[in-house]
Amino acid sequence: MANVLVTGGAGFIGSHLVDVLLQQGHKVVVVDNLSAGKIDNLNRAALFYQQSIQDSEMMERVFQLHKFDYVFHLAAQASVSVSVKEPSTDAQTNILGTIVLLEKSAKYGVKKFIFSSTGGAIYGEDVPIPTPETVEPRPISPYGIAKRSAEMYLEFFKREYNLDYVSLRYGNVYGPRQDPNGEAGVVAIFTARMLKNEDVIIFGDGEYVRDYVYVKDVVQANLLAMKDGVSGVYNIGTGIGTTVNQLFKMLARLTGYQKQPVYAPPRKGDLRKSILDPTKAKNELGWSPQTNLEEGLALTIEYFKSL
């Protein structure tokens with residue numbers, strides 16, 4: 001079994017990945033500064049460092065000590081709207097933090113660096129729908145720009161240091177443990193508010209289209225990325241678009257919510273339409289989504305009811 005680092009392993013997606021890696025018998029180290037992650041999400045069987053990935057000296061010690069085979073890099077500033085308001089903060093985490101990890105991975109002989117990218121914010125507007133990986137990314141938000149920059153550093157480190165990588169461009173990931181108090185994660189925000197019978201706010205006209213992919217399916221894509229011979233960029237989405245209005249109606253029906261949504265001005269940096277073409281992931285990774293939206297939403301609601 002492998003020695004594995006998961007950055008952001010106390011976060012929404014990262015904690016689910018840690019759980020499965022441990023179930024499979026891997027030795028797992030988590031680095032998370034808990035700025036977004038929660039200690040309650042953390043599997044106690046993992047060795048935990050509460051540290052920032054930007055701390056080069058600390059990351060040097062961690063890599064030196066553990067000799068990782070694989071690095072799963074999920075730690076991120078994950079909000080598009082925050083990136084628009086604070087682009088320098090976004091870049092420090094999403095670009096500079098990633099470079100620190102890449103430097104250590106190259107130095108200490110990591111077999112493969114598996115990066116959590118974005119399929120929504122990276123492609124930009126006016127692209128074929130569903131969007132394949134062959135489309136040249138033209139991100140319009142600092143968050144998307146940072147993720148694309150990180151991918152370009154991945155390419156550089158492979159070329160210069162032979163560090164193998166996989167970049168997984170996620171659709172809109174949702175599911176248990178998603179934080180309903182942040183600015184990212186519309187499913188979590190809507191679900192939490194509906195269960196409390198609070199007003200649900202929709203930004204813009206509600207016709208923004210997204211590709212919603214369940215967190216357990218995203219974890220499976222990460223695991224498949226460990227396979228030998230798999231390298232490069234992959235879309236991780238369903239190929240199916242859902243508007244925010246449609247999502248609202250589905251969640252309202254599943255929770256018994258009776259109120260009408262409250263519409264607010266659109267947010268800066270939000271794409272109008274984002275649907276990913278997952279064909280390459282199916283053909284090369286052997287990955288396809290197993291959880292349809294109705295089923296995934298029901299599982300998410302059950303989780304929030306249990307809190």
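Odds and ends about this structure:
- Any pair with Cβ under 9 angstrom, 6 or more apart, that starts in segment 107-120 at a residue that is at negative phi and surrounded by fewer than 24 Cβ atoms within 10 Å (Cβ to Cβ) and ends at one that is in a loop (DSSP other than H, G, I, E, B) and hydroxyl-bearing (Ser, Thr, Tyr): LYS112/SER231
- Test: residue in segment 1-17 that is at pLDDT below 95, over 27 Å from GLY237 (Cα atoms), in contact with a Gly (Cβ under 7 Å, 6 or more places away or on another chain) and surrounded by fewer than 20 Cβ atoms within 10 Å (Cβ to Cβ): yes
- In the set (1) touching a Ser or Thr at 6+ places or on another chain (Cβ under 8 Å); (2) open to solvent by 30 Å² or more (accessible area, probe 1.4 Å); (3) in the same structural domain as GLN77 (by the TED database), PRO180 fails one condition alone, (3).
- Scanning segment 50-81 for residues being among the aliphatic types (A, V, I, L, M), assigned to a helix (DSSP H, G or I) and crowded, with 19+ Cβ neighbours inside 10 Å gives a total of 3.
- Taken as a whole, the structure leaves GLU151 outside the set of residues that are assigned to a loop (DSSP other than H, G, I, E, B) and touching a residue at least 60 places away in the same chain (Cβ under 8 Å).
The values are calculated or read from the model by the stated rules, or taken from the named source; none is laboratory data. Here the structure is a predicted model, which means the values were calculated and not measured. Don't worry about glycine lacking a Cβ; one is built from the backbone with ideal geometry, like all the others, and counts go over all protein chains shown. Each accessible area value is taken on the protein alone, full model and side chains, heavy atoms only, with ligands, DNA and RNA left out. Shrake-Rupley method; radii C 1.70, N 1.55, O 1.52, S 1.80 Å.
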